[in-house]
Amino acid sequence: MLLSSIYIFLVGFTNCFFVKVSCSTSDFSLEGDYLLGGLFALHETEHETTLFSTEATECFRHSTAKSGYQMLQVMRFAVEEINNSTTLLPNVSLGYDIFDHCSNTQNFNSVLSFISKNGSIKPKEKLNNYQPKVIALTGPYGSSKSMTVAPLFTMDLIPMVNYVASSYVLSDKHQYPSYVRTIPSNNDLIEMIIHIIRWFGWNWIAFLGSQHDLDGLNVFNEYIRNTGICLAYQESLSLNANNSLTLKKINKLSINVIVIFALPQYATKMIKAAIANNIQDKVWIASQHWAMNQQLPREPGIGKIGTVIGIMEKLLSLTGFNEFVYKARGTTDVGHNDRAESEVQRKSKTCNQDCDYCSLLTTEEIINENPTLSFAIYSAIYTIAHALHKVLQCDMNKCHKNTMVKPYMLLGEIKKLDFLLNGKYHIKYDDHFDATISYAVVLWRTDVNPPQFEMVGTYEKLPEITFTIDNSLLLWHNNGSVPFSNCSAECEEGYSRKPEGFHSCWDPYTCFPCAENEWSDEGSTTCKTRSVVYPQFTEIPSIIVMISTACLIILFFAIFCLFAYNYDTPVVKSAGGNMCFLMLTSLILSSISVFFFFGKPTSVFCLLRNAIFAFFFTVCIYCLTVHSFQIVCVFKMAAQFPKVHSLWVKHNGQWLFIACSSFIHLISCVIWMTVDPVKAIADSWTFKDQIMLICEMGNTINLNHSRVYKDLPKNYNEAKSITFSLILYYLIWIAYFTAYLTTKSKYIVIFNAVAQISSINGILFTYFIPKSYVIIFQPQKNTPAYFHTSIQNYTQTISRT
């Protein structure tokens, strides 16, 4: 039921993409009595997009992978050979439908095309009745891509005869019942690598895997138990990994043998990093994925990094392939550019059956591409053909073409296959549908021009496991002697080594601390670099706060202009007159402090974010305090203490109070910044995998006492606005300090900035906005007569009580 839902979802998801465009280039399609599917990576996506994106990946927009086009040609070559054969599938023609499969999650249009029947998919149809478009397929490139699409094929037991995916997980026939592969699994590859390591007596090893073949590392860890081999360093590579740092760590541990069990794109970046970082005199063991890479041996400086040994299938040549490529593309390049131009012009945006760069490749470039997977693809197509030959009950002259061929029938025959390919290569599958293959050990000869791959050893599994290397053929980088890569030197005569730990030389009970900028999981043998975090200018929360602050400053300037224009009106005078402009200026300057909360913290930034706000906002608070006092003088003290009131007015008591208070506060700020300055620090204790760049908690909030005035005129209630703004101010900072003490995150810094802005907004919206509203929308209340009436009514009320 679940898989049926997935089918329906994916059909709806991609239907509009693979039916609206028709692709019919000869490289990608061929008609025949029975269709085979092919998935090859003619392009590579470095970063996968979101799974639930609304459209399929357009592969031609990504980086090119020339080896993918060579693989496509191998499939075409094998199909043509079979169609021309008089003994294999006589009077039967094979066709194919090939797609550029560059994405792990967004190439389902090709997959759905394969499992469709006349353009539709019926997931609930019985296995005996359903006839998909293809009877079998080969591909896609890589284990993760195979695991993604395999469930769609295994539902109908459509054979997936793969040429590159080596994950041992795919050997599980309960999960992947129709998965077949013509290459060894990771188990076999790792076993061979261990044979090489033990042959030369090494036991101090670094293992670098890729994210797409994580089980390689797991298998290696399992297989080296009780072998005396120490895994001194391990890491999973990614395309954006810091390879230079990895190499420095390996060098620091004096590891001289490095296994790179990864896809070509990961291995290429690591080897180039080794050249760039002047890493010398190492032994590099290359997995089958990149052992025959054609570009790396030609890299300048490759000879200095040491000796490269690769493992792969025995170098099996495809007789006639070169001639096929010459014939298919023509022996000359006449009209080459015209073909390239027409290819680009008819590029399809959705069906991924186009290759704009392919027609630009010369015949020699195709032939000289990495041949590592050529025989695997070739044998995959022949595996399908031999299985179909059995299902159709073919003899030497003809096949029973009236036999209804179902994919599951081919799967049953594949398990029983045992044939010689081209009369000499033995093809047979075990119970897990894994091929039993002979392997070779190859040495990179970068000392000759052009570089060569020389076979120096073999590994056979049948009739029994045999492994041998011809030491005389190995030209080591250090004058011919086997490089040393052991956890300790051999003991002198009369001494013996005392083993400790779980890999003969590792002590699991003695832990060494990582550096301050590193962290490690519990029980781990390696340290990882911590990420450094702080609120950056480009982050969404930072941008929102800065834009809000900028809008706030603009609003303050607008109010400043409004009050200046209406300076002689009662509303402005009752709000403080000249004092309003000092308050607005202080609030504008306080707002500027917010911009120092973002970016990498420095001592100057830490000081400014606190000092500017602490001083100017406090000046504004002083203005509010003295204004509150003046209101009390007008309505209470003027009648009861006339002399005090007279002295206050005569000597401009409000300005004297603000000046003295501000000066004292300024002196206290200077002393505070001198004695205990705020510094930028690296918080390395809150999170084990992060270092937070923060400022020390140094800004103290100036709390101001205020009364709640209730016995004031309803139409002239300044003190109530002041009281409410101060109460809001206290609540905001109580909330901030609560969050600061209970939450640890880089975003607490942004919360600090928000608290400052909120404090400023409290005064703006409780004090200045109401007055601006009266000035603009209620001018009848902004007259001397209105204010005099309000005061007289209040005075009469006081006299009667």
Among (1) on the phi < 0 side of the Ramachandran plot; (2) small (Gly, Ala, Ser); (3) not assigned by the TED database to the domain that holds residue 32, the one test that residue 201 misses: (1)
Would you tally the residues in region 78-91 being among the hydrophobic types (A, V, I, L, M, F, W, C) and open to solvent by 10 Å² or more (accessible area, probe 1.4 Å)? 1
With 565, 534 as the choices, which residue is at pLDDT 80 or above and assigned by the TED database to the domain that holds residue 762? 565
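Could you identify the single residue in 133, 122 that is open to solvent by 10 Å² or more (accessible area, probe 1.4 Å), of a type in the set (D, E, K, R) and either in contact (Cβ under 8 Å) with a residue 60 or more places away in the chain or not in a loop (DSSP other than H, G, I, E, B) (or both)?
Matching residue, one of 133, 122: 133.
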Residues located in region 232-253, provided they are in contact with a strand residue (DSSP E or B) (Cβ under 6 Å, 6 or more places away or on another chain) and open to solvent by less than 20 Å² (accessible area, probe 1.4 Å): 232, 233, 237, 246, 250
Which residues, taken from region 260-281, are within 13 Å of residue 248 (Cα to Cα) and not hydrophobic (A, V, I, L, M, F, W, C)? 277, 278, 280
Counting only residues that are in contact with a Phe, Trp or Tyr (Cβ under 8 Å, 6 or more places away or on another chain), of a type in the set (Phe, Trp, Tyr) and open to solvent by 10 Å² or more (accessible area, probe 1.4 Å), region 553-606 contains a total of 4
Looking only at region 167-197, and only at residues there that are touching a His at 6+ places or on another chain (Cβ under 8 Å) and among the hydroxyl-bearing types (Ser, Thr, Tyr), the one that is surrounded by the most Cβ atoms within 10 Å (Cβ to Cβ): 185
If residue 483 satisfies all but one of (1) modelled with pLDDT of 80 or more; (2) open to solvent by 50 Å² or more (accessible area, probe 1.4 Å), what's the number of the condition it fails? (2)
Given (1) part of a helix (DSSP H, G or I); (2) open to solvent by less than 10 Å² (accessible area, probe 1.4 Å); (3) among the aliphatic types (A, V, I, L, M), index of the condition residue 98 fails: (1)
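Would you mind listing the helices (runs of 4 or more DSSP H) fully within region 168-277 where at least 2 residues are hydroxyl-bearing (Ser, Thr, Tyr)? Before you say what the answer is, go through the steps one by one.
Details: elements: 186-199, 214-223, 243-252, 264-276.
Helices (runs of 4 or more DSSP H) meeting the threshold: 243-252, 264-276.
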Residue selected from region 291-302 under the condition at pLDDT below 90 and either in the same structural domain as residue 380 (by the TED database) or out of contact with any Phe, Trp or Tyr (no Cβ under 8 Å at 6 or more places or on another chain) (or both), by the criterion most open to solvent (accessible area, probe 1.4 Å): 295
Can you name every one of the helices (runs of 4 or more DSSP H) wholly within region 649-768 that holds 2 or more residues which are at pLDDT below 85, hydroxyl-bearing (Ser, Thr, Tyr) and surrounded by 15 or more Cβ atoms within 10 Å (Cβ to Cβ)? 653-675, 718-742
Lone unmet requirement of (1) surrounded by fewer than 24 Cβ atoms within 10 Å (Cβ to Cβ); (2) on the phi > 0 side of the Ramachandran plot for residue 139: (1)
Among residues of region 525-582 being of a type outside the set (Gly, Ala, Ser) and part of a strand (DSSP E or B), the residue nearest to residue 775 (Cα to Cα) is 533
List every residue pair whose Cβ atoms sit under 9 Å apart, with the two residues 6 or more apart in sequence or on different chains, where the first one lies in region 307-330 and is under 30 Å from residue 200 (Cβ atoms) and in contact (Cβ under 8 Å) with a residue 12 or more places away in the chain and the second, anywhere, is assigned to a loop (DSSP other than H, G, I, E, B) and aromatic (Phe, Trp, Tyr). 307/476; 310/290
Which members of region 538-562 meet the condition of being among the aromatic types (Phe, Trp, Tyr) and without any contact (Cβ under 8 Å) to a residue 60 or more places away in the chain? 557, 560
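Go through 382, 459 for me and flag whichever is open to solvent by less than 50 Å² (accessible area, probe 1.4 Å), part of a strand (DSSP E or B) and aromatic (Phe, Trp, Tyr).
From the options 382, 459, the qualifying one is 459.
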Going by the conditions given, is residue 186 under 30 Å from residue 441 (Cβ atoms) and without any contact (Cβ under 8 Å) to a residue 12 or more places away in the chain? no
Failed condition for residue 453, given (1) open to solvent by 30 Å² or more (accessible area, probe 1.4 Å); (2) under 36 Å from the mean Cα position of the chain (by Cα); (3) outside the structural domain of residue 253 (by the TED database), with all others met? (3)
Is there any pair linking a residue in region 265-283 that is free of Cβ contacts under 8 Å to residues at least 60 places away in the same chain to one that is crowded, with 16+ Cβ neighbours inside 10 Å and acidic (Asp, Glu), with Cβ under 7 Å and at least six apart or on different chains, and which? 272/299; 275/299
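The values are calculated or read from the model by the stated rules, or taken from the named source; none is laboratory data. Being a predicted model, the structure only gives us computed values, none of them experimental. Backbone-built Cβ (ideal geometry, glycine too); neighbour counts: all protein chains shown. Protein only, heavy atoms only, side chains kept; ligands, DNA and RNA dropped before computing areas. Shrake-Rupley method; radii C 1.70, N 1.55, O 1.52, S 1.80 Å.
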